[in-house]
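> Please find one structure pasted underneath; my questions will follow.
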Amino acid sequence: MYNYIKGKLVETGENYAVVECGGVGYELNVSSNTIAELAQAEGEVKVYCFLAVREDDMSLFGFASKQEKSMFMKLVSVSGVGPKLALTVLSGMTAGQFAAAVVRGDVTALSKTKGVGKKTAERIVLELKDKVNKDYTSEDAVFSGAVVATEVNEEAVLALMTLGYNRQEASEAVKRVQKDGMTLEQLIFTALKNA
């Protein structure tokens with residue numbers, strides 16, 4: 001029903017963002033990765049959308065990229081995975097990290113997400129491995145150093161969060177100092193030093 005909403009970001013909170021478009025404020029359920037990306041945007045933002053309709057609820061979900069929306073749609077196609085759990089998974093890792101974990105069959109990485117047990121993680125890998133593999137070519141760097149760098153960045157963000165930073169502050173601190181080839185320790189130390 002909705003493809004995207006383009007407008008001014010007026011508010012963000014834990015797992016939601018409000019985008020004003022044409023005088024209407026749309027509250028979107030979003031991942032922490034999307035919140036971080038939207039917070040960096042200046043002026044107008046474009047959020048890709050999905051409307052989930054149940055008999056007792058209508059919820060609008062928003063994504064900073066088409067790739068994240070595509071992964072969300074694949075996740076909700078898995079039996080036992082609803083929109084809220086899919087969003088939680090995409091808050092715990094980027095769409096690229098999720099794709100790499102599925103292609104590698106990394107059940108451990110997937111089950112680290114709150115609400116995803118070993119059986120659910122195995123079901124996700126089983127049902128999505130072929131679908132995700134078809135969508136990602138070598139150009140998408142699923143197995144390249146870009147994924148490794150992204151995983152190091154995510155670990156650094158999590159380390160900063162354990163030190164009291166919120167996800168958005170930690171993400172911004174890591175992005176400001178991240179350079180190719182940095183180890184996890186160097187990244188955390190530099191982010192703390194420049195915070």
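The values are calculated or read from the model by the stated rules, or taken from the named source; none is laboratory data. Keep in mind that this is a model prediction, so the values were computed, not measured. With ideal geometry, Cβ positions are generated from the backbone for all residues, glycine too; neighbour counts draw on all protein chains shown.
> Give the residues of the stretch 166-195 that are buried (at least 18 other Cβ atoms within 10 Å of the Cβ) and without any contact (Cβ under 8 Å) to a residue 24 or more places away in the chain, sorted by residue number.
Correct list: 170, 173, 174, 177, 190.
> Condition (residue is of a type outside the set (Lys, Arg), out of contact with any helix residue (DSSP H, G or I) (no Cβ under 9 Å at 6 or more places or on another chain) and either assigned by TED's automatic domain parsing to the domain that holds residue 171 or buried (at least 17 other Cβ atoms within 10 Å of the Cβ) (or both)) applied to the stretch 38-59: is it met by at least one residue?
yes
> What's the number of the only condition in (1) assigned by TED's automatic domain parsing to the domain that holds residue 111; (2) touching a strand residue (DSSP E or B) at 6+ places or on another chain (Cβ under 7 Å); (3) loosely packed, with under 14 Cβ neighbours inside 10 Å that residue 10 fails to meet?
Status for residue 10: all satisfied but (1).
> Can you pull out every residue in the stretch 112-124 that is within 16 Å of residue 90 (Cβ to Cβ) and part of a helix (DSSP H, G or I)?
120, 121, 124
> Can you name every residue in the stretch 65-77 that is part of a loop (DSSP other than H, G, I, E, B) and surrounded by 14 or more Cβ atoms within 10 Å (Cβ to Cβ)?
The answer is 65, and nothing else.
> So residue 148 fits all but one of (1) at pLDDT 55 or above; (2) surrounded by fewer than 16 Cβ atoms within 10 Å (Cβ to Cβ); (3) β-branched (Val, Ile, Thr); what number is the exception?
Among (1) at pLDDT 55 or above; (2) surrounded by fewer than 16 Cβ atoms within 10 Å (Cβ to Cβ); (3) β-branched (Val, Ile, Thr), residue 148 violates only (1).
This table checks each residue for (1) polar (S, T, N, Q); (2) modelled with pLDDT under 90.
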{"residue": "40", "(1), (2)": "yes, yes"}
{"residue": "54", "(1), (2)": "no, yes"}
{"residue": "76", "(1), (2)": "no, no"}
{"residue": "97", "(1), (2)": "yes, yes"}
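> Specify the residue that is surrounded by the most Cβ atoms within 10 Å (Cβ to Cβ); the eligible residues are those in the stretch 78-95 that are over 15 Å from residue 28 (Cβ atoms) and more than 9 Å from the chain's Cα centre (by Cα).
81
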